[in-house]
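Comments concern the structure below.
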Amino acid sequence: MLKAIQVLGCSHIWRPHTSSGLSFISVSVNPLTSSLRRLPSNSSFLTMSSTRSSSGFGAFRARAANSESNPVGASSSSSSSVAAQSTGGAALKVNFCQWCGGKTKHEIPEGEENIRAICTVCEKITYQNPKMVVGCLVEHDNKVLLCKRNIQPSYGLWTLPAGYMEIGESAAEGAIRETWEEATADVEIVSPFAQLDIPRIGQTYLIFLAKLKKPHFAPGPESSEVELFALDDIPFNSLAFSSMLVTLKLYVEDAKAGRFKFHYGTINKRPGTSPSDIHAFTLDGHLQS
Ligand SMILES: [Zn+2]
């Protein structure tokens, strides 16, 4: 599955938009009908501000922190049938069948390569696959819209509006919905900007450039503040997630170069580092078009 995503990320179909802001995607949803969603509580990106400076993109070759962590082990999953497993990988240990509730065993099914949760009653396999997080980098008057999180994880830190994509919506629709929910901002997608895989926690981020349809925004229930930041004022030391750090760094680089590209890359969190250290990763396989 991850390999399939990587192939998708290498696509050259998407073209960067020009500095004139030409829009080639137009998506409309009624944000008022959207259900409330949030960034997952089982995200690995937990809590606290980092005090590391990040003066340049080269800082992505970040050093490891001392603390030991397991992103999945920090989970507060709402599903009673899913429990955290200290594998260092993305998979959660599924103890009960999602269809019949029967107890599962963990074995490699015939013809497969990975350990799966197999129901001991109905014999169905519970497959776990990466989740897609979608969001918007909203541009307005040469500033970007950020939300201060009013919820855990990463309470009090800044992020782009983003959250899990829902079944039944496109990635662009999900990004628009999340932006409405977190920033009460009605936006139009301009172009895809970055796809960032985080294999260790089984997530891939797809962030779109977007613009305000109306010059209005306000904190949604998950945000305590929503603000436009000039590029030089982006609070890089108070960001919530590595994915947002990468996205905003790429955005600033592109803005200064005068041309926005589409970026694909893999964020590899350093094993043994704290999830709260959003600088403890490398950006690998960075492709741009
Ligand atoms: Zn079953």
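Values quoted throughout were computed directly from the atomic coordinates according to the rules given, and no laboratory measurement underlies them. Predicted model, so just to flag it, every value in this text is computed and none were measured. Reconstructed Cβ throughout: ideal geometry from the backbone, glycine too, with neighbour counts over all protein chains shown.
A Förster radius of 45 Å combined with the Cβ-Cβ distance from CYS122 to ASP233 puts the calculated FRET efficiency at roughly 0.20. As a proxy for reagent exposure, ILE278, ILE108, ILE234, ILE125 were ordered by neighbouring Cβ count within 10 angstrom, fewest first; the result is ILE108, ILE125, ILE234, ILE278.
Considering only Cα-Cα distances, which of the following residue pairs are longer than 22 Å: LYS211/LYS269; LYS211/LYS256; LYS93/LYS131; LYS131/LYS213; LYS143/LYS269?
Checking Cα-Cα distances, LYS211/LYS269; LYS131/LYS213; LYS143/LYS269 exceed 22 Å.
Here the Karplus relation 6.51 cos²θ - 1.76 cosθ + 1.60, evaluated at θ = phi - 60°, turns the backbone of segment 193-202 into coupling constants of 10, 8, 10, 10, 8, 10, x, 4, 10, x Hz, with x for every Gly and Pro.
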